[in-house]
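In what follows, a structure is listed as structure tokens, so that the remarks can point back to it.
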Amino acid sequence: MEFASTGADRGTSSPTSMIAPVVRASGGSIVGAPTKISARDVNVFYGDKQALFDVSIDIPDRAVTAFIGPSGCGKTTFLRCFNRMNDLIDSARVTGSLQIEGKDAYAKNVDPVVLRTRVGMVFQKPNPFPKSIYDNVAYGPRIHGMAKSKTDMDGIVEQSLRRAGLWEEVKDRLANPGTSLSGGQQQRLVIARTVAVNPDIILMDEPCSALDPIATARIEELIDEMRENYCIVIVTHSMAQAARVSQKTAFFHLGKLVETGATEEIFTNPRDTRTQDYITGRFG
């Protein structure tokens, strides 16, 4: 992963036939998935207030990692470290080591804008641009020069909408505003916009919290399909959702990473009593 170049030099397809599926070993560990993100002793400060304390974790590729924990525990703050969104807050300061594919995401020569094309983000509330469905998806590829012709752009838009499970629903109304779609469709449009620039990693911050159960189920199905091609990290307040969509889970409490492991193990046999208490609803 290079952070100093744009997505224009990368191919637009990732055939799933070339990708080995992620499976569980008998002990519940994830195999067949190399480490994509490696964090060591990451601390985050907002002015004089410390929000994260010495967080160390490895995030696997081609798998879904869920961050769970009570509100204000630091899970979203940590998520925003991966694409340097905390840089946009004047008082924020990040220390420690955070590497993506072995490269320092906070090195001086790293362009955060380019980094964010490699590390896409889907927010809590669907936020389509005030543009057509087509132009929402084409926006990133257009500014990064990824298409040499209208035909190329049409292909990128169609492929991205297909990856987001939205093409069949919108293919006859691509000129309509993105805001004309339902909430669940808008979130899938945002996912299509995110994958259009060929990211390696997709961050999702409570992507279903504003959606109804039917739309939530469709997004969860989409996440499960997409993990064959991407490293996905999701922050969720729903433990049931974490259990359904993730292969690895990390539990945060009071700015600290309490424990992490295979999702099945975290939910059935947690090592820390704080994790057990949170999962069983004793606090939250």
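The values are calculated or read from the model by the stated rules, or taken from the named source; none is laboratory data. Fair warning: this is a prediction, and the values are worked out from it, not measured in the lab. Cβ placement follows ideal geometry from the backbone for every residue including glycine, while neighbour counts extend to all protein chains displayed. Accessible surface areas use protein heavy atoms only, side chains included; no ligands, DNA or RNA. Shrake-Rupley method; radii C 1.70, N 1.55, O 1.52, S 1.80 Å.
In the range 100-147, what count of residues is obtained for those that are within 19 Å of the chain's Cα centre (by Cα) and among the acidic types (D, E)?
Total satisfying the criteria: 2.
Restricting the search to the range 53-90, which residues are farther than 14 Å from A105 by Cβ, of a type in the set (S, T, N, Q) and either surrounded by 21 or more Cβ atoms within 10 Å (Cβ to Cβ) or at pLDDT 95 or above (or both)?
Of everything in the range 53-90, those that are farther than 14 Å from A105 by Cβ, of a type in the set (S, T, N, Q) and either surrounded by 21 or more Cβ atoms within 10 Å (Cβ to Cβ) or at pLDDT 95 or above (or both) turn out to be S56, T65, T76, T77.
To keep it simple, each residue is scored yes or no on (1) open to solvent by 40 Å² or more (accessible area, probe 1.4 Å); (2) over 19 Å from L79 (Cβ atoms).
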| residue | (1), (2) |
| --- | --- |
| S246 | no, no |
| A250 | no, no |
| A262 | no, yes |
| E265 | yes, yes |
| T268 | yes, yes |
| G281 | yes, yes |
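Among (1) touching a helix residue (DSSP H, G or I) at 6+ places or on another chain (Cβ under 7 Å); (2) open to solvent by less than 60 Å² (accessible area, probe 1.4 Å); (3) touching a residue at least 12 places away in the same chain (Cβ under 8 Å), which single condition is P130 missing?
Unmet for P130, out of (1) touching a helix residue (DSSP H, G or I) at 6+ places or on another chain (Cβ under 7 Å); (2) open to solvent by less than 60 Å² (accessible area, probe 1.4 Å); (3) touching a residue at least 12 places away in the same chain (Cβ under 8 Å): (2).
Please go through (1) open to solvent by 10 Å² or more (accessible area, probe 1.4 Å); (2) within 19 Å of G72 (Cβ to Cβ); (3) not hydrophobic (A, V, I, L, M, F, W, C) for T275 and return the number of the only condition it doesn't satisfy.
Of (1) open to solvent by 10 Å² or more (accessible area, probe 1.4 Å); (2) within 19 Å of G72 (Cβ to Cβ); (3) not hydrophobic (A, V, I, L, M, F, W, C), only one is false for T275: (1).
Which residues, counting only those in the range 92-126, are open to solvent by less than 60 Å² (accessible area, probe 1.4 Å) and among the polar types (S, T, N, Q)?
Scanning the range 92-126 gives T95, S97, T117.
Kindly indicate the residue of the range 167-211 that is of a type in the set (S, T, Y), modelled with pLDDT of 95 or more and open to solvent by 30 Å² or more (accessible area, probe 1.4 Å) and also farthest from T236 (Cα to Cα) among those meeting that condition.
Here the residue is S180.
Return the total of residues in the range 106-132 being among the aromatic types (F, W, Y) and touching a Gly at 6+ places or on another chain (Cβ under 8 Å).
Matching residues across the range 106-132 total 1.
Sort out which residues of the range 169-189 are in a helix (DSSP H, G or I) and of a type outside the set (V, I, T), and write them in order of number.
Within the range 169-189, E169, G178, S180, G183, G184, Q185, Q186, Q187, R188, L189 qualify.
Take the residues in the range 212-236 that are open to solvent by 30 Å² or more (accessible area, probe 1.4 Å) and in contact with a strand residue (DSSP E or B) (Cβ under 8 Å, 6 or more places away or on another chain); name whichever of them is nearest to F82 (Cα to Cα).
So the residue we want is R227.
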